[in-house]
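Take a look at the structure below.
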Amino acid sequence: MEQEKVHARLLVLAGVALFWMTAIFGRVAYLQLFCHSEYLARAGRQQRRTIEITPRRGAIYDRNMHPLAMSVPVQSAFAVPSEVKDRPLAVRLLSGVLGMPAEEIREKLDSGSTFVWIKRKLPPAMTEATTSLNLKGIYLLGENQRYYPKRELGSHVLGFVDVDEKGLGGIEHEYDYLIRGTGEKIVVMADAKQRWFDGSEAQRDRGVDVVLTLDEKIQYIAERELAAAIEKTHAPAGTVIVQDPNSGAILAMANWPKFNPNAAVDVPTEMRKNRAISDIYEPGSTFKLVTLAAAFDQNLIRAEEVFNCENGAVTVAGHLIHDHKKYGMLTVADILANSSDVGAIKIALRLGSPKFYDYIRAFGFGSPTGIDLPGESRGLLRRLEHWGSYSIASVSMGQEVGVTPLQMITAVSAVANGGLLYKPHVVQEMRRGNHALPLEGPSVIAEPKRVIRPETAATLRRLMEGVILHGTGKIARLDGWTAGGKTGTAQKIDPATGRYSRTNVIASFSGFAPINNPVVTILVSIDSPAGYPHDGATVAAPVFKRIAEQVLPYLDVSRDVPLSPQLMQAAYRTKNETDDASLDDLSPIDFSAQPDAPEEAAKSEQTITNLPKSPEVLMAADEGGDVVVPDFTGKTMREVTEGCMRLGLDPVLVGSRVAVQQTPGAGAKVRRGTKVTVEFDDTLARPGKSR
Amino acid sequence: MATAYQWGGAGNGGFPIAGQDRISLVRNPQSVPRAVRQSLATAHRGRKPAMVEFCTVKKIDNSRLVRHVEPVKLRNLYRTVALGGIIAAFCMLYIYQHFHCIDLSFQLEDLKGKQEQAQALNSELKLEIATLRDPHRIDVIARHQLGLTQPTANQVHEYANLDGAEVAAVQYVRPYRAP
């Protein structure tokens, strides 16, 4: 009996236990099998936080890996309103620490969102103060702040970003998809005390670093000299571009007005405009280079051929065109040197519109260059079928055609490098960490396109040297280096009258140096310089000179001509004057010792232009040249080659048959290994063919 | 150990017999006086005993218990126990690892915070260096504070032509030197 009672109790206990176990396991099975996803999601919401933060943008460097733009971690304050217990206290404390209106913070906390930014990108002091408050529900989150440590330097190329680190201009915009990186999220687990643990960084992906072709030193030189010219001429805008003619790489791209990309939001849009690639202007006389290049390339003219410039006036299609000076008979070289409009028109008429148009297109005018910067303009070039009877005359002297400064310098670089048109570019390399990435998109450097023959380019280089030696660009003559260039003074359209303005012009100068082996091509364009004279020779050429004389030694380019005594005296005088000058003057050299006005230039023209022709003076001023360049005129290619090899010179032979021109000129003292460009022509052997 | 009592028969005078499995209350029956033993025997024979006492003997195997277990079962038992032990150890290890992992995660987050602080400091220092290298700043300091001026053309002297290793060294230092 007793035993039966025991057995019954045991059975009851076992039944209860079984029921309890069944209930437990049944509940577990129900939760696991039927409610799994719901509770998983609920747990995730409670324990896991996926917070999207601004991805860290890649840095932008110049070609020497000097940072031009970089991102620095900063803290941003955010709130989880549901966790903020004492809101009035939190609002009061945060308002005092962050310097924000209390009402604004209260509105954010009452917004009903699960996540609200209180204030983003806090200064270090505010970060410390917010941390010290230790308010429940108020957190700090790491973000990145974009800084441009060189401030305005290269700002139009670099661009800028908004508060969300999105690129809005320049390289920042063009390569935003690479620099910005992919979405960056932090997944964290929180315990009961809301302490974070198990943070995931798997989705972090820093943006690509971009290495530009810009050189910060050259960029600074360009910007400083442009600013000095703007200050001197009171011009509202201006542009300077420095390009490597042998690759198309942009070494400097300066614009005025400039802006500080660290505070770009407050800057007017007009100041953020990259005029070097977006502004269209009529190039004026610098476009005569294209006219002559086309004619030379078609063997329609020769440098020594004489044209009648009609005493400064010519009628084309019923329009009377006046030259800026009354010229009579001028050689082609003098037409370019003196920038004769009538001469250029006559050359263009000989060329004909179709061929002229083809060359204009071949030089890249009328279409974007493809530079890896946003906002490039294609310029203005009417289709050939829309040309009027007067158009060829206008276009030959740089009117009725709109170009960007970048298009112009690209064309000049093609002349400088021997006839190859390179695509201008500002991106040299993309890097992720220490690994270089293959270039993609607009940064891919295309093969250069030949637009003119090397002989044509050599002839044009010589003629452009003549512009600086005895033409309109004498002020641009460099002290110690040969250089070629072309001045331009383009009248602007007066919006009031719809006609060319007499006062508003765009003064420009495009040139390169040295002549034999050009290292840099420089374009200077000053928009609407005040005062008079305001032509390219007076306004833009000195800027070219100042920039070239600083850039060439910086690039370790050996001098290829000796210092001229006048310039040495001027430099000595300048040094003394500079010592006494005001410290506010940041311009490197006071060029007041050199003539700015055409009249003064004309006075000194005789002495300066004669300098290369007087070996005695050169000997006196020589600074270390150890080889005297012989006169190769009339010699064959074999004789020239043998002569150069004997003297240790590096001959560059252009053309065939008989030598007719050489650079450097005969008698110049150069170093061993210097390249001597000798141009040959077979027309001397067949005089009957010459025109 | 069970204790059994058995009164012996007449042969031994009714005394418990001390056998192998028996324990006698009288350690030595021979020590009881003979007269007493005879009188008792006579009394039993002469009259009906007043009380019959039975002495039952219960056999108790008090030797060491040795159970015979089949070796296969034993081996399975060991295996099961070992497996259970391993599973239990794994469970314990898992639990230990889980909590240790959480503990390490806290430490990791702490270290990440320190790392981010160090990286932020590094970035700030790089930014400061870049700012200090601003050409405009250097230019202004050079001109205004140090009184330096741009060298004139005749103050800049070119190096003599170098060759071989010297050229390579210079080009290495200045990789973007123009050709």
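The values are calculated or read from the model by the stated rules, or taken from the named source; none is laboratory data. Nothing here was measured: the structure is a model prediction, and the numbers come from that model. Glycine also receives a Cβ, built like all others from the backbone with ideal geometry; neighbour counts cover every protein chain displayed.
Scan segment A:557-566 and tell me whether some residue there is out of contact with any strand residue (DSSP E or B) (no Cβ under 9 Å at 6 or more places or on another chain), in a helix (DSSP H, G or I) and either away from every other protein chain (no Cβ under 11 Å) or modelled with pLDDT under 90 (or both).
The answer is yes, given that some residue of segment A:557-566 is out of contact with any strand residue (DSSP E or B) (no Cβ under 9 Å at 6 or more places or on another chain), in a helix (DSSP H, G or I) and either away from every other protein chain (no Cβ under 11 Å) or modelled with pLDDT under 90 (or both).
Mind checking whether some residue in segment B:128-139 is surrounded by 11 or more Cβ atoms within 10 Å (Cβ to Cβ), more than 8 Å from chain A (Cβ to nearest Cβ), at pLDDT 85 or above and farther than 25 Å from residue A:67 by Cα?
No: zero hits.
So residue A:351 fits all but one of (1) touching a strand residue (DSSP E or B) at 6+ places or on another chain (Cβ under 9 Å); (2) under 15 Å from residue A:295 (Cα atoms); (3) not aromatic (Phe, Trp, Tyr); what number is the exception?
Only one criterion in (1) touching a strand residue (DSSP E or B) at 6+ places or on another chain (Cβ under 9 Å); (2) under 15 Å from residue A:295 (Cα atoms); (3) not aromatic (Phe, Trp, Tyr) is unmet by residue A:351, namely (1).
Within segment A:441-473, can you find the residues that are part of a helix (DSSP H, G or I) and closer than 25 Å to residue A:430 by Cα?
Once the filter is applied, which keeps residues that are part of a helix (DSSP H, G or I) and closer than 25 Å to residue A:430 by Cα, segment A:441-473 yields A:441, A:442, A:443.
Within segment A:338-352, track down each residue that is small (Gly, Ala, Ser) and surrounded by fewer than 24 Cβ atoms within 10 Å (Cβ to Cβ).
Hit for segment A:338-352 is A:352, nothing else.
Conditions first: (1) part of a loop (DSSP other than H, G, I, E, B); (2) free of Cβ contacts under 8 Å to residues at least 24 places away in the same chain. Residue A:231 passes all but one, so which condition is the exception?
(1)
Given the residues A:183, A:238, A:207, A:199, which is the only one that is crowded, with 18+ Cβ neighbours inside 10 Å and at pLDDT below 90?
Just one listed residue meets the conditions, A:207.
Of the residues in segment A:251-268, how many are over 30 Å from residue A:532 (Cα atoms), more than 14 Å from chain B (Cβ to nearest Cβ) and either polar (S, T, N, Q) or buried (at least 16 other Cβ atoms within 10 Å of the Cβ) (or both)?
Here the count works out to 2.
If you scan segment A:357-368, which residues turn out to be over 27 Å from residue A:470 (Cβ atoms) and either in contact with a strand residue (DSSP E or B) (Cβ under 9 Å, 6 or more places away or on another chain) or of a type in the set (A, V, I, L, M, F, W, C) (or both)?
Correct list: A:360, A:362, A:364, A:365, A:366.
Would you call residue B:123 closer than 30 Å to residue A:146 by Cβ and of a type in the set (Ser, Thr, Tyr)?
yes
In the set A:352, A:370, which member is closer than 30 Å to residue A:211 by Cβ and of a type in the set (Gly, Ala, Ser)?
It is A:370.
Name the residues in segment A:149-168 that are at positive phi and in contact with a His (Cβ under 9 Å, 6 or more places away or on another chain), would you?
Residues satisfying the conditions are A:151, A:159.
Every residue in segment A:249-268 that is of a type in the set (S, T, N, Q) and more than 22 Å from residue A:504 (Cβ to Cβ), please.
A:260, A:262
Between A:441, A:379, A:433, which is in contact with a Phe, Trp or Tyr (Cβ under 6 Å, 6 or more places away or on another chain) and closer than 29 Å to residue A:167 by Cβ?
Testing whether each residue is in contact with a Phe, Trp or Tyr (Cβ under 6 Å, 6 or more places away or on another chain) and closer than 29 Å to residue A:167 by Cβ leaves just A:379.
Are any of the residues in segment A:269-277 surrounded by fewer than 24 Cβ atoms within 10 Å (Cβ to Cβ), hydrophobic (A, V, I, L, M, F, W, C) and more than 14 Å from the chain's Cα centre (by Cα)?
yes
Yes/no matrix, rows are residues, columns are (1) modelled with pLDDT under 80; (2) surrounded by 15 or more Cβ atoms within 10 Å (Cβ to Cβ):
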position	(1), (2)
A:629	no, yes
A:636	no, no
A:644	no, yes
A:671	yes, yes
A:678	no, yes
A:686	yes, no
A:689	yes, no
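Listed here are the residues, each with its yes/no results for (1) of a type in the set (Val, Ile, Thr); (2) within 23 Å of the chain's Cα centre (by Cα).
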| site | (1), (2) |
| --- | --- |
| A:519 | yes, yes |
| A:522 | yes, yes |
| A:527 | no, yes |
| A:533 | no, no |
| A:536 | no, yes |
| A:547 | yes, yes |
| A:550 | no, yes |
| A:557 | yes, yes |
| A:562 | no, no |
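Would you tally the residues in segment A:144-163 being more than 13 Å from the chain's Cα centre (by Cα) and either at pLDDT 90 or above or within 11 Å of chain B (Cβ to nearest Cβ) (or both)?
Counting residues in segment A:144-163 that are more than 13 Å from the chain's Cα centre (by Cα) and either at pLDDT 90 or above or within 11 Å of chain B (Cβ to nearest Cβ) (or both) gives 11.
Which of (1) in contact (Cβ under 8 Å) with a residue 12 or more places away in the chain; (2) exposed (fewer than 15 other Cβ atoms within 10 Å of the Cβ) is the odd one out, the single condition residue A:372 does not satisfy?
Unmet for residue A:372, out of (1) in contact (Cβ under 8 Å) with a residue 12 or more places away in the chain; (2) exposed (fewer than 15 other Cβ atoms within 10 Å of the Cβ): (2).
Quick one: is residue A:330 over 18 Å from the mean Cα position of the chain (by Cα) and without any contact (Cβ under 8 Å) to a residue 12 or more places away in the chain?
Taking the combined requirement at face value, the residue does not satisfy it.
Of the residues in segment A:458-479, how many are within 14 Å of chain B (Cβ to nearest Cβ) and acidic (Asp, Glu)?
Here the count works out to 1.
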